[in-house]
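Have a look at the structure below before the remarks.
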Amino acid sequence: MNIHAVRAIYTFEMARTWRTLFQSIVSPVVTTSLYFIVFGGAIGSQINEIDGISYGAYIVPGLIMLMVLTQSTSNASFGIYFPKFSGTIYEVLSAPVSHYEVVMGYVGAAATKSVMLGLIILATAGFFVPLEIAHPVWMLLFLVITAFTFSLIGFIIGLWADTFEKLQFVPLLIITPLVFLGGTFYSIDMLPSTWQTLSLLNPVLYLVSGFRWSFYGAGDVSVVVSLLMILVFLTVAMATVAWIFRTGYRLRA
């Protein structure tokens, strides 16, 4: 493996984070803090405990997942789209670097940013609600795997998109609504039976539920099912990226 090449791509992408610190870190943290104030404070005071957990604390894992999923996708898609847009992607493709090393550099940087953001939001949440993490190792595992998986999905979107409109289409119109409807702010047990069944068709529900289990030992679905769902996402995303580089889809045109 060409460690120097992976490190060069990774370092370049991480440097972009520090150049756009307000957009990459500060803005998501401020937005999440507003969610805590509005939902945890104003609305949460009118809602009873869920599974013995105060509403403000209950939504913490969901809000972290909301930001991690959206930021992972956006960071990775922008990271690979702009080299395509500017034409510098051909310098990377023609270099003595394997496709897997290119993916590791771009996706690794996007996942690192998202994990950092998730941990910062977790620390910020401690100022608003009392927190407890029943399974800290599992929490980190869910966070890292989810960030890496959706960074791969974002990487695929960045390769697929040939306009800025397409770049924003999937994150804004598909991923974000699925996250909001995936139990971020509520338990599906609060829904009528028909909507509970429909919610089980939302793949993001399993990610949020598994991450919430790592905090409080309770979730809407089994933690085993949640972990399997994440691994399915990861496998499909890795297979798709491998196919793209093997066929040159959206790269050779």
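The values are calculated or read from the model by the stated rules, or taken from the named source; none is laboratory data. Model, not experiment: these values are computed from the prediction. Because the Cβ atoms are built from the backbone with ideal geometry, glycine has one as well, and the counts that use them run over all protein chains shown.
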Over segment 130-165, the set of residues small (G, A, S) and farther than 24 Å from G79 by Cα is A134
Within segment 189-201, the residues that are surrounded by fewer than 16 Cβ atoms within 10 Å (Cβ to Cβ) and part of a helix (DSSP H, G or I) are D189, M190, S193, T194, W195, Q196, T197, L198
Heads up, the helices (runs of 4 or more DSSP H) in segment 118-188 (entirely inside) with at least 3 residues that are in contact with a Ser or Thr (Cβ under 9 Å, 6 or more places away or on another chain) and in contact (Cβ under 8 Å) with a residue 12 or more places away in the chain are 136-160
So, first residue within 17 Å of W160 (Cα to Cα) and in contact (Cβ under 8 Å) with a residue 24 or more places away in the chain in segment 85-103, second residue of a type in the set (A, V, I, L, M) and part of a loop (DSSP other than H, G, I, E, B), Cβ within less than 9 Å, six or more apart or across chains; the pairs are I89/L251; L93/L251; V102/A95
The residue that is surrounded by the fewest Cβ atoms within 10 Å (Cβ to Cβ), considering only those in segment 111-135 that are under 14 Å from I25 (Cβ atoms) and of a type in the set (G, A, S), is A123
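Here is a yes/no grid of residues against (1) within 27 Å of E165 (Cβ to Cβ); (2) surrounded by fewer than 20 Cβ atoms within 10 Å (Cβ to Cβ); (3) in contact with a strand residue (DSSP E or B) (Cβ under 7 Å, 6 or more places away or on another chain):
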| site | (1), (2), (3) |
| --- | --- |
| I9 | yes, no, no |
| T17 | yes, yes, no |
| F36 | no, no, no |
| I47 | no, yes, no |
| D51 | no, yes, no |
| A76 | yes, no, no |
| G79 | yes, no, no |
Of the residues in segment 204-222, those that are touching a residue at least 24 places away in the same chain (Cβ under 8 Å) and in contact with a Phe, Trp or Tyr (Cβ under 7 Å, 6 or more places away or on another chain) number 3
Those residues of segment 81-130 which are in contact with a Gly (Cβ under 9 Å, 6 or more places away or on another chain) and among the basic types (K, R) amount to K84
Of the listed residues (Y106, Y100, Y90), the one being in a helix (DSSP H, G or I), of a type in the set (S, T, Y) and within 16 Å of F12 (Cα to Cα) is Y106
Exactly one of F185, F215, F245 is of a type in the set (F, W, Y) and touching a Pro at 6+ places or on another chain (Cβ under 9 Å), and that one is F215
| request: Could you please let me know if V223 is of a type in the set (A, V, I, L, M), under 13 Å from the mean Cα position of the chain (by Cα) and surrounded by 17 or more Cβ atoms within 10 Å (Cβ to Cβ)? | output: no
Checked F128, F36, F85 against criteria (under 23 Å from F211 (Cα atoms), over 22 Å from the mean Cα position of the chain (by Cα) and either modelled with pLDDT of 80 or more or not small (G, A, S) (or both)); the one match is F128
Tell me, please, whether a residue that is within 25 Å of V170 (Cβ to Cβ) and in a helix (DSSP H, G or I) can be found in segment 36-56. no
